[in-house]
Amino acid sequence: MKSLIKTLLIGASFFTALSINHAQATDLKVGDKAPEFRLQATDGHFYQLSDYLGKQTLVLAWYPMANTHGCTLECKSLVEKGHLIREYNAVYMMASVDDLEDNQKFATEQKADFPMLSDPSKDTAEAYDVLNLVRVASRVTFYIGKDGTILKIDDDINPKTAAEDIAATLATLGVEKKS
């Protein structure tokens, strides 16, 4: 009985830590150059920030862990309402510290039609300063301009309305619509 209680307390602590956003999610701030990254995605390709410089705004949405409730809701929002984001000259992707295989399974189950990046080394998550107490990424979305500077850091994410909120933020930031 004691081990069951201990297991339940550890599990509850883990999921509580996953859902807590820091008051200051990152030491990076608006106007800073975004850290370069090169991460493999669920489609097998590697993506890097420099691929988008001078071309498109990049929306990089960090999420804690594949197959958890909030992450599933966020992914579903981006799948179902991603067309709202695609109206803009922007590319969006989700990123976690999950292994590629876990993210591939998650992406397949959710029918993700956008890159889901894996950072199992946690190097990029550390560069973006999004690792939380349990060493998974906090739910933080970075808006990175065509010049590589951070336009906005959002750590107040509603997973159910992530796509609508990203599109609204792109409009507020003045990101041009596709012609």
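The values are calculated or read from the model by the stated rules, or taken from the named source; none is laboratory data. For clarity, every value in this text was computed on a predicted model and none was experimentally measured. Don't worry about glycine lacking a Cβ; one is built from the backbone with ideal geometry, like all the others, and counts go over all protein chains shown. These accessible areas exclude ligands, DNA and RNA; they are computed on the full protein's heavy atoms, side chains included. Shrake-Rupley method; radii C 1.70, N 1.55, O 1.52, S 1.80 Å.
Here is the list for segment 107-179: GluC sites (Glu not before Pro) lying in DSSP coil, each with at most 15 other C-beta atoms within 10 angstrom of its C-beta, are 176. Relative to the current alpha-carbon distance between residue 101 and residue 55, full extension at 0.36 nm per residue lengthens the span by 13.6 nm. Just the protein heavy atoms count here, and of the accessible area of the chain at 1.4 Å, carbon and sulfur take up 55 percent. Rounded to the nearest 5, the antiparallel percentage of DSSP beta bridges internal to segment 70-179 is 65%.
For the chain, the solvent-accessible area of protein heavy atoms averages 50 Å² per residue (probe radius 1.4 Å; ligands and nucleic acids excluded).
Of the trypsin sites (Lys or Arg not before Pro) found in segment 24-60, those that fall in a DSSP loop while having at most 14 other beta-carbon atoms within 10 Å are 29, 55. Of all lysines in the structure, the ones whose alpha carbon falls short of 27 Å from that of residue 178, not counting any fewer than 8 places away in one chain, are 33, 55, 76, 81, 111, 146, 152, 160. Checking every one of the trypsin sites (Lys or Arg not before Pro) in segment 81-139 against DSSP loop status and a limit of 13 other Cβ atoms within 10 Å picks out 111, 135.
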